[in-house]
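First up is the structure itself, then whatever we jot down about it.
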Amino acid sequence: MDADAMQPVDSPELRQLYADFKAQHLNPLWTQTGDLMPRHPRPKAVAHVWKWSDLYPLAQASGDLVPVGRGGERRAIGLANPGLGGEAYISPTLWCAIQYLGPKETAPEHRHSQNAFRFVVEGEGVWTVVNGDPVRMSRGDFLLTPGWNFHGHHNELDAPMAWIDGLDIPFSYQMDVGFFEFGSDRVTDYATPNYSRGERLWCHPGLRPLSQLQNTVSSPIGAYRWEYTDAALTQQLLLEEEGHPATIEQGHAAIRYVNPTTGGDVMPTIRAEFHRLRAGTETALRREVGSTVFQVFEGKGAIVMGGTEHKVEKGDIFVIPSWVPWSLQAETSFDLFRFSDAPIMERLHFDRTQIEDAG
């Protein structure tokens with residue numbers, strides 16, 4: 001063995017041994033330990049920012065050229081992480097896309113094993129129908145389509161609408177757990193209620209219907225409305241001003257969307273949160289195992305990832321790969337939607353977080 005590299009000395013016999021390994025579909029651990037078991041995560045995915053000012057015109061162009069209907073199913077444009085070889089994955093576990101629905105268009109119903117959500121940064125006029133329940137989509141709303149729920153969308157206005165989709169497609173694909181099934185070629189209910197049946201049953205603070213005492217894997221709430229998210233964040237910052245402990249760090253309010261039947265995450269593979277920073281706030285530098293994606297909802301600021309600062313504003317989307325250090329800096333009041341694969345990491349006990357002081 002070579003004392004420095006701790007590898008066997010090259011010889012014709014060793015080369016033959018390796019050839020025999022290859023012929024039998026074998027791969028010795030001693031030649032790949034550094035890649036398989038690094039001292040810390042070394043993600044192939046890279047930190048990256050997509051500008052809304054680039055994304056939205058491309059979505060508009062696709063609206064002119066690409067139909068929505070059975071087969072293509074959705075006019076959704078996946079954000080492909082530059083480090084992942086061209087796959088439409090924003091990270092090894094998460095998928096994020098901008099979806100665009102034109103005036104009076106309908107996206108047909110289907111269902112799949114993958115868990116999905118939608119977040120609306122601007123616009124209104126679309127209803128998503130989930131298992132027959134029409135759910136209004138409007139600015140700031142966070143909407144769920146848990147795995148194996150039939151869903152389709154219809155636009156009732158003469159103007160287009162765009163939003164982001166988030167799914168666990170890469171994780172599901174790698175684990176070979178995916179199923180897919182077509183539903184109605186239209187949607188099963190074209191009603192346009194202000195609140196869905198799920199919201200009418202579940203969205204009453206601190207109250208649970210006695211008809212629904214069984215816990216569910218995913219949240220039964222179809223839409224988490226902006227009016228409640230905004231109010232919760234506003235009150236956290238007001239309480240902080242009054243000297244009460246309410247924020248996660250000075251000037252940094254945040255909420256997590258939860259499943260009301262368990263108090264846990266809204267879906268088994270995806271965590272969703274919303275963060276609000278006062279102007280001038282800089283968060284602590286942190287590293288986390290797992291992937292995180294943010295979309296700026298309102299305001300201007302910066303994301304520092306791996307020591308590089310990126311200016312971001314409304315609509316911009318950025319991904320933070322596993323163990324890449326990051327912090328947020330607010331130029332104005334700064335609102336951001338966040339989703340991650342934290343439930344997977346925590347359930348498998350791979351989660352780890354390191355936090356340093358800001359600056």
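The values are calculated or read from the model by the stated rules, or taken from the named source; none is laboratory data. Since the model is a prediction, treat every value here as computed from it, not as a measurement. All Cβ positions, even for glycine, are placed from backbone atoms using ideal geometry, and neighbour counts span all protein chains on display. All accessible areas refer to the heavy atoms of the entire protein, side chains included, with ligands and DNA or RNA removed. Shrake-Rupley method; radii C 1.70, N 1.55, O 1.52, S 1.80 Å.
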Calculate for the chain the 222 nm mean residue ellipticity that helices alone would give, adding -39,500 (n - 2.57) per DSSP H run of length 4 or more and normalising by residue count, nearest 500 deg cm²/dmol.
-5000 deg cm²/dmol
Full extension from ARG197 to HIS25: what is 0.36 nm times the residue separation minus their Cα-Cα distance, to one decimal in nm?
56.4 nm
Which lysines does LYS51 reach when only Cα atoms under 28 Å apart count, and residues fewer than 8 places away in its own chain are ignored?
LYS104, LYS300, LYS311, LYS314
If each of SER113 and HIS349 carries a label point 7 Å out from its Cα toward its Cβ, how far apart are those two points in nm?
2.5 nm
Could you give me the ³J(HN,Hα) list for region 155-164, computed from phi with Karplus coefficients 6.51, -1.76, 1.60 and θ = phi - 60°, whole Hz, x at Gly and Pro?
9, 9, 9, 8, 10, x, 8, 10, 7, 9
Which whole-Hz couplings ³J(HN,Hα) result when phi for each residue of region 56-65 is put into the Karplus expression 6.51 cos²θ - 1.76 cosθ + 1.60, θ = phi - 60°, listed in order with x for Gly and Pro?
5, x, 5, 5, 4, 5, 5, x, 7, 10
For a label point 7 Å from the Cα of HIS244 along Cα→C-beta, name the residues of region 278-307 whose backbone N is under 20 Å from it.
278
Of the peptides 133-140, 174-181, 55-62, 83-90, how do they stack up when ordered by the mean number of other Cβ atoms within 10 Å, highest first?
133-140, 83-90, 55-62, 174-181
In terms of solvent-accessible area of protein heavy atoms at a 1.4 angstrom probe, what is the ranking of LEU14, LEU233, LEU201, highest value first?
LEU201, LEU14, LEU233
Out of GLU73, GLU227, GLU242, any idea which swings most in a Gaussian network model of the chain, alpha carbons joined below 10 Å?
GLU242
Going residue by residue through region 345-354, the Karplus relation 6.51 cos²θ - 1.76 cosθ + 1.60 with θ = phi - 60° gives ³J(HN,Hα) values, rounded to whole Hz and with x marking Gly or Pro, of 4, 6, 5, 8, 6, 9, 5, 7, 9, 10
Scoring the chain by relative contact order with C-alpha pairs under 8 Å, at least six apart, yields a percentage of 15 percent
How big is the Rg/Rh ratio for region 83-161, C-alpha atoms only, Rh by Kirkwood, two decimals?
0.99
Using only the Cα atoms of region 21-77, build the gyration tensor, take square roots of its eigenvalues as a ≥ b ≥ c, and label the shape rounded, prolate or oblate: rounded if a/c is under 1.5, else prolate if a/b is larger than b/c, else oblate.
oblate
Give the calculated FRET efficiency between GLN16 and ARG39 to the nearest 0.05, with a Förster radius of 30 Å applied to their Cβ-Cβ distance.
0.35
In what sequence, highest mean first, do 191-198, 275-282 appear when ranked by Cβ atoms within 10 angstrom?
275-282, 191-198
If you take the beta carbon distance between PHE179 and GLU73 as r and set R0 to 22 Å, what does 1/(1 + (r/R0)^6) give as a FRET efficiency, to the nearest 0.05?
0.90
Working out 0.36 nm times the residue gap between ILE255 and TRP148, then minus their Cα-Cα distance, what length gain in nm do you get to one decimal?
35.8 nm
Between THR308 and THR216, how high is the FRET efficiency from 1/(1 + (r/R0)^6) when r is the Cβ-Cβ distance and R₀ = 30 Å? Nearest 0.05.
0.15
Sort region 259-305 into rounded, prolate or oblate with this rule: let a ≥ b ≥ c be the square roots of the eigenvalues of the Cα gyration tensor; rounded if a/c is under 1.5, and if a/c is not under 1.5, prolate when a/b is larger than b/c, oblate otherwise.
prolate
